[in-house]
Amino acid sequence: MFEEASEVFDNMFKSSFPLTFIVFIPAVLILVSPLPTEAAHEFTVYRMQQYDLQGQPYGTRNAILNTEARTVEAEVLSRRCVIMRLVDFSYERYQKALRQSAGAVVIILPKNMSTMPQDIVQQFMELEPEMLATETIVPVYFALEDDELLSIYTQTLTTSSSQGSSSAAEVLIHTATANGFQMVTSGAQSKAVSDWAITSLEWLSYGADSNGSGVSMLLELARLFSRLYTYKRTHAGYNLLFFVSGGGKFNYQGTKRWLEDNLDHTDSSLLQDNVAFVLCLDTLGNGDSLHLHVSKPPKEGTTQYALLKELETVISSQYPEVKFSMVHKKINLADDTLAWEHERFGIRRLPAFTLSHLNSHREAQRSSIMDVRSVSPSSRHGVGEPPAGPYVDLRKLSRNTKLIAESLARVIYNLTEKGAPGDLQIFTEQMQVQEEQLSSVVDWLTAQPRAAQLVDKDSSVVSTLEYHLGHYLKDVRRHYVKADKRDPEFVFYDQLKQTMNAYRVKPAIFDLLLAVCIAAYLGVIYLAIQHFGVLYSVVRRITAPKTKQH
C-alpha cells in the first residue's frame, strides 16, 4: 500500500514539477523584474533670481531638486515637485505649495507669450514683485512649454487628480499602477559669487521694453548726434555724454558707483563742470503717452525748463497723438530702493529727469519675466490686436526716438529763441531714424538674458555694445562695480540656469505592494510544500470518480 502511494506521489510530482517550474519562475520574473528608469525628457529651467541687496535677501534660497512630480491638485504636496502652467497659476496655489513644504515649484511658460490672455499676464506681473521679495527656501523654476513637457504635465495632472477619489482602494490601486515622474536637476547648490563686477551694460531678465527699448534708443541717438557733431559748423555749444548704466534692477548700483568715482574720488571730472541736465531713458517702446518724471519741477529760465517746453512744442506740433505730462515725485530716502534712475543724480544735486511711457515706477512690467520680445501685429501691418503683456512696438519706439532727438536738438541749438517753428524737423532724409536698425538692436538685446549674474566683463553683450558705441563716440570706456567685501551692498548667487530631467518611474507605494505580493506568493508555495500530504489528499478526493449506488 505504501509503495503504491509512493509511486503515485512520485509520478504526480514528476508530472507536476515542470508545471510548477514553468508557472513559478515567470511569475517571479514578472513581479520582481525592475522597471527601466528612463529619462522621459530633458529641458532647461531658469531659477528665480537669488540675491541680497543692502542686507535684504530676495528670491529663492535653494537650487537642488530630486523628487517626484505632482500638480497642485494633489492632496499632499510635501517634498513633491509641484508643476503648474502659467494659465492655471494663482497666488493661492503658489502659497499652498509653500505651506505644505513642497520640494520645488516649476512654472511652465508658453512658447508664445502673445497667446496668453491679458488678465492672466497682468495678474502674474503684479504677483512677481511679491514672489521675489519673499525669501523662499523652496526652489522655484521657470521652463518653456514644449510637447514633451506638456505630456508630462498632463500625466501628472491625471495622477494628482485621482487622489481626490472617494474610495481609498481606488486611490491605492491607481497610485500603484500609474506612471510617475522623478524631477532631478543637474546643478549644484547655489552659492554666493565672490568678486563679481557689474558692468554698466546689463539688466534683469531679457527686458524688451524695460529696458531694451532705452538702450536701443540711446544707441540710435548716439548715431544721430554723432552726424551733427562731425562738422564744426554744426557742433552745438553742449557736449553730450552717453552712459549705458548697469545694475538698474539692483537699485541702480552702476550709476551710484559711477557718480562716486566721478564726484568723490577725483579732482577733475566732466560732472564737476556745468551739467545742464541728465536725461534717463526708461521703457519707451510702447504706448501713446510720454511722462517726464522729475524729483523737483524745473524752474523757468533753466535748461531743464527749456527741455520740458521743447518736448511740449514738438509733441503738440508734430505728434498730436501723444499725450505728454510731467510727473513730480520727491525722493524718498526711507525706501529700500529708489523709484527712478534720475533720483541717483538728484541725490548728488545734478538736475535729472526720466522719460518713460509708464506713469508710475510701480508698474509691474518694469521687472517682469513677461517683458519679452513679442511682435505686435499692429507694429508690422497696422492692424490686429496687440499681444498680451509688455512688448515693443517698433513704430512707437521709432516715433519716440525721433521725438526726443528733435527736442534735444532744439535745446542744444537754442532753436526756439532763434524763432524756429515748432514743426521744423532736423532729422530727416539721410539723418532720419532708422527703424530697421532699432529693430535689429532690440532683437539682439532680447535674444539673450542680461541678468547681472550672467553678464561678466567678457560677455558678448558688453563687447558688442562697446564696439557699436565706438562707431559713433570717442573714448568709450567700461566701468566696473564690485561689492564692498566688508559690507556688501549686493550679493549675487549662481545656478540661475540648469538642466532638469524628468525620469519615468513607478511611485514608492508600488515597491511596497510588489514586496507584499512576492511575500504572499512565496508564502503560499511554502505552505503548499509543507502540507503537501494534506493537499494531495484533498485533491485526490476531489478528483476521484464517484461510486454509483444501486
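Throughout, read-outs are computed from the coordinates displayed, never taken from laboratory work. In this text the structure is predicted, and so the values were computed from the model without any measurement. Using ideal geometry, Cβ is built from the backbone for each residue, glycine included, and neighbour counts are taken over all protein chains shown.
Numbers for the structure displayed
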item	result
Length gained when the stretch S360-T158 is fully extended (0.36 nm per residue, less Cα-Cα span)	68.4 nm
Computed lengthening from S537 to K329, 0.36 nm per intervening residue step minus Cα-Cα distance	64.9 nm
Integer Hz, Karplus 6.51/-1.76/1.60 couplings in order for region 341-348, x for Gly and Pro	5, 5, 5, 4, 6, x, 4, 8
Computed label-point distance, nm, for sites A192 and D264 using a 7 Å Cα→Cβ extension	2.1
Computed FRET value (nearest 0.05) for K299 with S151, which takes r as the C-beta separation and R₀ as 51 Å	0.20
Inter-label distance, nm, simple model (7 Å from Cα along the C-beta direction), L424/I529	10.9
Note, ³J(HN,Hα) from phi for region 115-123, Karplus 6.51, -1.76, 1.60, rounded to Hz, x at Gly and Pro	7, 7, x, 4, 5, 5, 4, 5, 5
For region 77-141, average projected area of the Cα convex hull in nm²	4.2
Under the Karplus curve 6.51 cos²θ - 1.76 cosθ + 1.60, θ = phi - 60°, whole-Hz ³J(HN,Hα) for region 311-316, x wherever Gly or Pro sits	4, 5, 5, 5, 5, 5
Neighbour-count ranking [beta-carbon atoms within 10 angstrom, fewest first] of R395, R233, R70, R85	R233, R395, R85, R70
Sequence-distant residues sharing a close amide H with H41 (under 5 Å, placed H)	A502
Partner lysines for K232 [C-alpha distance under 25 Å; skip if fewer than 8 residues away on the same chain]	K402, K418, K474
Amide H within-cut-off set for V278, under 5 Å, with H built and near neighbours excluded	A352, F353
Amide H contacts of V82 (H built 1.01 Å from N, under 5 Å, at least 5 apart or other chain)	R70, G103, A104, V105, V106
